[in-house]
Each structure stands twice: as structure tokens, then as C-alpha cells.
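Encoded as C-alpha cells, the structure appears first; notes follow it.
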Amino acid sequence: MEKAVDVWLEQAEARIAEGGRITETDLRTLADMLRGRQQHLLYVWADSDHVESGVISWNYFGPFSSEYRFDPKNECPYKNVKTAMADGWRIVSFPAVEYPLHNAHTQLGHQFILERFFSPGEGLPITPHGARKPEVAG
């Protein structure tokens, strides 16, 4: 972590020396590094490419392990992407928009990828595969 913070500080100093400025996003990135925050990814397949579309399927990845058997009782904790956004998730990938005549969309639906940073041990309590296991040592 110290190396990442040192690199961030060097880049910030260079930016300021060139007349640039530090943004709120830059400061949040630094705060996440200092707190040891970890990236979690939430994949959501929805009925359409709109953020209020219903969830068809989902998956959740982070620095933890889970069983790799699908458990249908573990429904997505969000009814759509918009409710996930309201809980702090950020969209990092939108579904590709396809023309109706060239619709190659799969049965899984339209895929959104969202990210959120959590402190170690935090995050969603379940995955589609079951309860989360202990954190993976980095």
C-alpha cells in the first residue's frame, strides 16, 4: 500500500506543478488506498439496457470465496441497477446497444457491471452461490 500512496503523491505533485488540480475523485482514491479498501464487482443481467429494468440474473465477486453451486434462494439484493446505484454501486460497464435487426443478445439479458469499494470483511453477505466464505489473503 505504501508504494501505491507514494506513486499517487508523486503524480499529484507533478499535476500541481504543471498547473493542474486535485479532484474529489482523486482524494477518494487516496482515501480508499489509505483505508485498505477492496474492489467488489456486481454483475447484473437485466431485461433491457435501462437501469430500471428487472434483474434476470446476477453474480458477485470480491476478495472472498463462495461455493460454486447455484442456489436459487439467493435472490439479487437489488430489484434493478438503479437501486444498486442508490446503495453506492457505480456502473463501470453498460450493456452494448444493439440494433433490432442484428439482435444477438443472449438469454441472460443485458449485462451491467458495477463496482463498489468495501473495507475488508464488508460487502454483500451472499452471492448467487451461497454465503460468503472468509476473505482471501492477498
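Laboratory data are not the source of any read-out in this text; all were calculated from the coordinates shown. Treat the numbers as computed from the prediction; the structure is a model and nothing was measured. Note that we place each Cβ from the backbone using ideal geometry, even for glycine, and neighbour counts take in every protein chain shown.
I want to check the label-to-label distance for residue 43 and residue 57. Put each point 7 Å from Cα in the C-beta direction and report it in nm to one decimal.
0.8 nm
Cα centroids of the range 75-89 and the range 22-40: how far apart, whole angstrom?
Cα centres, the range 75-89 to the range 22-40: 22 Å.
Report the net charge of residues surrounding residue 32, where surrounding means a beta-carbon distance below 12 angstrom and charges are Lys +1, Arg +1, Asp -1, Glu -1. Each step should come with its number before you reach the end.
Details: positive: 28, 35, 37, 116; negative: 26, 115.
Taking every Cβ under 12 Å from that of residue 32, the sum is +2.
Given labels modelled 7 Å from the Cα in the Cβ direction, how far is it in nm from residue 27 to residue 10?
Output for this residue pair reads 2.5 nm.
Fewest first, what order do 8, 89 take by the number of other Cβ atoms within 10 Å?
Details: 8 15, 89 21.
The order, fewest Cβ neighbours first, is 8, 89.
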